[in-house]
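Reviewing the structure listed below.
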Amino acid sequence: MARNPERRTALLDAAIDVLARDGARGLTFRAVDARAGVPAGTSSNYFADRDDLLTQAGTRIHARMVPAPETVDAAMRPEPSRELVTELMRWLVRRIAEERTGYLAMLELRLEATRRPALRAELTRAVRADLEENVRFHMDAGLPGDADTVLVLYLAMTGLLLEHFTLPGVVSEEELDRVVETVVNAIVPAGAR
């Protein structure tokens, strides 16, 4: 396997673009090479097989979506409150909107994982770890609610994002902030700790 980390990252970013544009069935080494603008056969030198490419693309999507620590620190300056949770969820929506291609590629990977046990296991591990980290973060930050609050927020925001990015007419851009606030207000009780 080739060892150039910059090229591997570029190939994974190209794979994410292909997944978002053409779906999992369109993800081939040839399509990745074309999207990355590299000679045919390049990606097959970096990934053992298509399953390896799918799994590593999922890992790369997660890396692209994680906010920089200094950005998180700035977002957490206000006092913990339901209003701060609302702002954090709005921030999440904005970050995902900026990474729309990655989000759509992740949806493709999730569907593909229903047919590929190894991919399902890896995505389950990664998403479960992210969820556990989010619970720890929420609790350590003193935000209102408990682990169940974080789980229900995660599930509600996942559904909202799915609707917004796949069928934008269901929840329009103009409605999004209001819907996020409604979700948080329904899940995080006023004055909850």
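Odds and ends about this structure:
- Single residue of Arg94, Arg77, Arg136, Arg116 found to be at pLDDT below 95, over 15 Å from Met157 (Cβ atoms) and out of contact with any helix residue (DSSP H, G or I) (no Cβ under 8 Å at 6 or more places or on another chain): Arg77
- Taking the conditions (1) within 16 Å of the chain's Cα centre (by Cα); (2) open to solvent by less than 70 Å² (accessible area, probe 1.4 Å); (3) farther than 28 Å from Arg25 by Cβ in turn, His138 satisfies each one other than (1).
- Residue within region 100-111 that is among the aromatic types (Phe, Trp, Tyr), open to solvent by less than 30 Å² (accessible area, probe 1.4 Å) and assigned to a helix (DSSP H, G or I) present: yes
- Of Ala40, Ala48, all but one fail to be under 28 Å from Ala121 (Cβ atoms) and either over 23 Å from the mean Cα position of the chain (by Cα) or at pLDDT 95 or above (or both); the exception is Ala48.
- For region 142-155, the tally of residues that are open to solvent by less than 30 Å² (accessible area, probe 1.4 Å) and either β-branched (Val, Ile, Thr) or on the phi < 0 side of the Ramachandran plot (or both) stands at 5.
- Top-ranked residue of region 27-84 - restricted to ones that are assigned to a loop (DSSP other than H, G, I, E, B) and β-branched (Val, Ile, Thr), ranked as surrounded by the most Cβ atoms within 10 Å (Cβ to Cβ): Thr42
The values are calculated or read from the model by the stated rules, or taken from the named source; none is laboratory data. On a predicted model such as this, the values are computed, not experimentally measured, just so you know. Don't worry about glycine lacking a Cβ; one is built from the backbone with ideal geometry, like all the others, and counts go over all protein chains shown. The protein model used for the area step is the full one, side chains on, heavy atoms only, and it has no ligands, DNA or RNA in it. Shrake-Rupley method; radii C 1.70, N 1.55, O 1.52, S 1.80 Å.
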